[in-house]
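What follows is one structure encoded as structure tokens, with my remarks underneath.
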There are 2 protein chains.
Amino acid sequence: MGLFTKDIKTMNELFVHQLQDIYYAEQQLVKALQTMAGKATDKQLKEGFLSHLDETRTHVQRLEQVFQMCGLKVKAVDCPAIDGIIEEADEVAGEVADKAVLDAALINAGQAAEHYEIARYGTLITWARQLGRTDIASILQKTLDEEKTADKKLTSLAEGKINLRAAS
Amino acid sequence: MGLFTKDIKTMNELFVHQLQDIYYAEQQLVKALQTMAGKATDKQLKEGFLSHLDETRTHVQRLEQVFQMCGLKVKAVDCPAIDGIIEEADEVAGEVADKAVLDAALINAGQAAEHYEIARYGTLITWARQLGRTDIASILQKTLDEEKTADKKLTSLAEGKINLRAAS
């Protein structure tokens with residue numbers, strides 16, 4: 001997108017911009033999930049991050065498939081939102097001294113990232129349907145379902161174990 | 001929080017840090033919602049942003065009440081996540097030429113902010129309960145419910161009108 005120009009004139013162009021944004025975000029999350037898995041001390045949490053890392057790699061591939069279905073070259077645009085979410089996760093994790101409390105902080109960071117993706121994929125699916133591309137909406141729906149499941153898994157891990165240990 | 005020091009040693013301290021973070025975020029959203037209401041062209045969307053602006057001012061007050069209930073001074077810490085979400089909203093809005101498409105972009109931006117808050121309040125409520133502060137959890141739950149309602153209203157406005165107009 002050009003500086004000081006208004007490059008988005010149609011819903012189709014807005015959709016493509018958001019696609020490039022989430023493509024960047026998923027790539028950053030591949031790196032961030034590796035870091036978070038490395039920091040997690042609870043075995044189940046570490047495995048959870050690694051399992052979602054695998055899913056996230058699939059999400060990147062699905063987005064590449066969507067670019068292809070749109071007849072577009074794969075492209076990422078900077079996404080200050082995910083950069084901010086990851087920066088905040090790193091900052092807080094760096095300030096936590098206790099291992100169990102760090103795990104609770106990592107879950108919180110992971111859920112912020114999940115919710116960012118849930119918002120963006122929700123919008124992309126609505127826009128794809130509106131633009132008559134139910135084929136693309138179906139592919140993105142698979143990813144949205146996985147993000148929602150990942151978020152729920154983090155909640156039950158937090159409530160069932162991590163927070164109890166951290167508060168003890 | 002001190003630079004290069006590990007200041008968070010307990011769940012209580014992690015809770016307070018997250019409280020200071022969301023306090024900053026809500027204050028930034030008061031400003032951002034004013035900007036978004038100013039940019040929105042659809043009357044119903046403009047009114048929606050203004051009505052959520054009123055709610056957001058109440059969310060700020062509720063957080064001040066929670067600080068008081070914890071026996072703490074009100075304090076905000078930088079929240080790079082919300083800064084990134086707002087920066088991205090401004091960037092995209094600046095690139096959209098068509099008014100109806102701009103409204104669709106504004107809804108997308110609003111929903112990213114709502115989901116950030118939903119994630120953070122969800123965690124704060126869980127932590128407050130874990131720390132035995134169900135009184136604080138109840139107050140934060142009111143805000144969480146309003147954030148979820150605001151998100152749903154934006155979805156139905158998008159699907160019922162704004163996207164149809166933008167894609168036509």
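The values are calculated or read from the model by the stated rules, or taken from the named source; none is laboratory data. Nothing here was measured: the structure is a model prediction, and the numbers come from that model. When we count neighbours, we look across all protein chains shown, and the Cβ atoms used for this are built from the backbone with ideal geometry, even at glycine. The protein model used for the area step is the full one, side chains on, heavy atoms only, and it has no ligands, DNA or RNA in it. Shrake-Rupley method; radii C 1.70, N 1.55, O 1.52, S 1.80 Å.
Filter the stretch B:38-69 down to residues that are among the aliphatic types (A, V, I, L, M) and within 15 Å of the chain's Cα centre (by Cα), then give me how many there are.
Residues that pass the stated criteria total 4.
Being facing chain A (nearest Cβ under 7 Å) and either out of contact with any Leu (no Cβ under 9 Å at 6 or more places or on another chain) or among the charged types (D, E, K, R) (or both) is the filter here, so list the residues in the stretch B:88-113 that pass it.
Within the stretch B:88-113, B:Glu88, B:Glu95, B:Ala97, B:Asp98, B:Ala112 qualify.
Assuming A:Ile85 fulfils every condition listed in (1) farther than 21 Å from A:Lys152 by Cβ; (2) part of a helix (DSSP H, G or I); (3) within 14 Å of chain B (Cβ to nearest Cβ) apart from one, which condition is it?
Every condition holds for A:Ile85 apart from (1).
When the stretch A:121-131 is examined, which residues are found to be out of contact with any Asp or Glu (no Cβ under 7 Å at 6 or more places or on another chain) and either part of a helix (DSSP H, G or I) or more than 9 Å from every other protein chain (Cβ to nearest Cβ) (or both)?
A:Gly122, A:Thr123, A:Leu124, A:Ile125, A:Trp127, A:Ala128, A:Arg129, A:Gln130
Among the residues of the stretch B:7-61 satisfying the criterion of being open to solvent by less than 20 Å² (accessible area, probe 1.4 Å) and touching a Cys at 6+ places or on another chain (Cβ under 7 Å), which is nearest to B:Trp127 (Cα to Cα)?
Result: B:Asp21.
When only residues in the stretch A:26-52 that are in contact with a helix residue (DSSP H, G or I) (Cβ under 7 Å, 6 or more places away or on another chain) and among the acidic types (Asp, Glu) count, which is farthest from A:Gly84 (Cα to Cα)? Step through it out loud before you land on a result.
Kept after step one, since they are in contact with a helix residue (DSSP H, G or I) (Cβ under 7 Å, 6 or more places away or on another chain), are these residues of the stretch A:26-52: A:26-30, A:32-34, A:36-37, A:39-42, A:44-46, A:48-50, A:52.
Within this subset, residues satisfying the condition of being among the acidic types (Asp, Glu) are A:26, A:42.
Values: A:Glu26: 14, A:Asp42: 25 Å.
Ranking the candidates gives A:Asp42 first.
Which of the following residues is touching a residue at least 12 places away in the same chain (Cβ under 8 Å), surrounded by fewer than 22 Cβ atoms within 10 Å (Cβ to Cβ) and in a helix (DSSP H, G or I): B:Lys152, B:Lys161?
Values: B:Lys152 fails: touching a residue at least 12 places away in the same chain (Cβ under 8 Å).
Only one candidate passes the filter, namely B:Lys161.
Listed here are the residues, each with its yes/no results for (1) aliphatic (A, V, I, L, M); (2) touching a helix residue (DSSP H, G or I) at 6+ places or on another chain (Cβ under 6 Å).
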residue	(1), (2)
B:Ala104	yes, yes
B:Ile107	yes, yes
B:Thr123	no, yes
B:Gly132	no, no
B:Asp135	no, no
B:Leu154	yes, yes
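Among the residues of the stretch B:54-71, is there at least one that is within 14 Å of another protein chain (Cβ to nearest Cβ) and modelled with pLDDT of 95 or more?
no
Can you tell me which residues in the stretch B:114-134 are open to solvent by less than 10 Å² (accessible area, probe 1.4 Å) and small (Gly, Ala, Ser)?
Scanning the stretch B:114-134 gives B:Ala119, B:Ala128.
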